1. Could you please let me know if Ile152 is of a type in the set (A, V, I, L, M), more than 22 Å from Asp211 (Cα to Cα) and in a helix (DSSP H, G or I)?
2. Could you list, in sequence order, the residues of region 210-241 that are of a type in the set (Val, Ile, Thr), surrounded by 15 or more Cβ atoms within 10 Å (Cβ to Cβ) and closer than 26 Å to Tyr277 by Cα?
3. Just to verify a result, which residue in region 183-217, among those that are touching a Phe, Trp or Tyr at 6+ places or on another chain (Cβ under 9 Å) and of a type in the set (A, V, I, L, M, F, W, C), is nearest to Pro149 (Cα to Cα)?
4. Given the conditions (1) under 30 Å from Gly287 (Cα atoms); (2) crowded, with 20+ Cβ neighbours inside 10 Å; (3) acidic (Asp, Glu), report the number of the one that Glu191 does not fulfil.
5. Kindly indicate the residue of region 319-336 that is buried (at least 16 other Cβ atoms within 10 Å of the Cβ) and of a type in the set (A, V, I, L, M, F, W, C) and also modelled with the lowest pLDDT among those meeting that condition.
6. Kindly indicate whether any position in region 329-340 is assigned to a loop (DSSP other than H, G, I, E, B) and either of a type in the set (Lys, Arg) or not assigned by TED's automatic domain parsing to the domain that holds Lys186 (or both).
7. For region 155-202, give me each residue that is small (Gly, Ala, Ser), more than 14 Å from the chain's Cα centre (by Cα) and either assigned to a helix (DSSP H, G or I) or closer than 16 Å to Asp28 by Cβ (or both).
8. Restricting the search to region 341-363, which residues are touching a Lys or Arg at 6+ places or on another chain (Cβ under 9 Å) and either part of a loop (DSSP other than H, G, I, E, B) or of a type in the set (Lys, Arg) (or both)?
Amino acid sequence: MHKIIKKVLETMENKGYEAYLVGGYVRDQLLGIESFDIDICTNAIPKELIKILPKYTNINLGGISFKIKEYNFDVTTYREELKYENRKPVKYNYINNLVQDLKRRDFTVNTICMNKKEEVIDLLNGIEDLNNLTIKMVGNPQDKLKEDPLRIMRAIRFATTLNFKIDDELLKYLKKYHQDILTLSKTRIKEELDKIFMSDNVLYGLNLMEDIGINKVLGIKYSNVIPVKNTLGIYAQLGIDYDLAFTKIEKETIKILKRILKEKEINNFTLYEYGLYNNKLAGAILGINQKEIDLKYKKLIIHNKKDIAIKAQDIINIMGLNNQNKINNIYLELEKLLLSDKIVNKKNVLIKYVIDNKARWNK
């Protein structure tokens, strides 16, 4: 445990309150995974937390959040949630009972706690499920999934990223209630998909989604998928009918990647048209060496239209007209010739070519 984390726990305990690490950080520590998202549960209520940690006043639901160096802290008060609306607890009570607080959480592997001495406190048998590599719901799966359908996607996400199986009882209800994910916002669905798709285990996640019925709901189709550390690279390998919350730039990038993947190669034309970044991402999917792509891009005679030795005004002077469509067509032809190494990029050579073909283009 880093001294920064220990210091926060000690500060709270020195004021007379309980303070335990809980959730993903503890789980990941036990699995040997580095984590910088720190969840702390406590019996101190939010107004007391602000006094204990006066520099950190970013109040969230039932607690405060702050950042110290690379660590993102969320400190929440023990509570029991009494009523949900649109997957958000709208009625809850602060309590002074760690066990009851843990029971409101989603999966047993996320209920394991740790104190400042790095002693593990396992009140809901999370260690057993961790050792068995199993994602199991805390309490009744049916109630928990109806309470918050996001847990459907979270179960798949944790199973994928941790390479765990899903408990049989939970899996039964995931299949029963899978369509409830459509009550979630498109943004929340995409956020969970992004986390699933960032995993090297993405194909396992997609197969889980297929088995549960998620792919049918979202219209996801796939065959083989190559893991890449960029979610857009995964989306480009899928067919998706559901309108996810993509930005305009994300949509355009996915279209470009699909075009390059359809070519099944990185060549002068794809490099010139779509740029180095998109080609390297597509190359990672196609299994093409990244250094080879860098070298090929570096060797391009032209990288954009501005690199062409002849300018628009030169073409206008030669052609004796100012027709934008014709000028664009001439540039397109010159680009193809230059990228195919059929002509050299020298002004006098390009001017001669335009003059020689003036009659053809003036028809």
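1. Working: of a type in the set (A, V, I, L, M): yes; more than 22 Å from Asp211 (Cα to Cα): no; in a helix (DSSP H, G or I): yes.
Against the criterion (of a type in the set (A, V, I, L, M), more than 22 Å from Asp211 (Cα to Cα) and in a helix (DSSP H, G or I)), Ile152 does not qualify.
2. Our first condition is that a residue be of a type in the set (Val, Ile, Thr); within region 210-241, this holds for 212, 214, 217, 220, 225-226, 228, 231, 234, 240.
Restricting the remaining residues to those that are surrounded by 15 or more Cβ atoms within 10 Å (Cβ to Cβ) gives 212, 214, 217, 220, 225, 228, 231, 234, 240.
Ile220, Val225, Val228, Thr231, Ile234, Ile240, listed by residue number.
3. The residue in question is Ile189.
4. (2)
5. Met319
6. Yes, region 329-340 contains at least one residue that is assigned to a loop (DSSP other than H, G, I, E, B) and either of a type in the set (Lys, Arg) or not assigned by TED's automatic domain parsing to the domain that holds Lys186 (or both).
7. Ala155, Ala159
8. Once the filter is applied, which keeps residues that are touching a Lys or Arg at 6+ places or on another chain (Cβ under 9 Å) and either part of a loop (DSSP other than H, G, I, E, B) or of a type in the set (Lys, Arg) (or both), region 341-363 yields Lys342, Lys347, Asn362.
The values are calculated or read from the model by the stated rules, or taken from the named source; none is laboratory data. Because the structure is predicted, anything quoted here is derived from the model rather than measured. We place every Cβ from the backbone using ideal geometry, glycine too, and count neighbours over all the protein chains shown.
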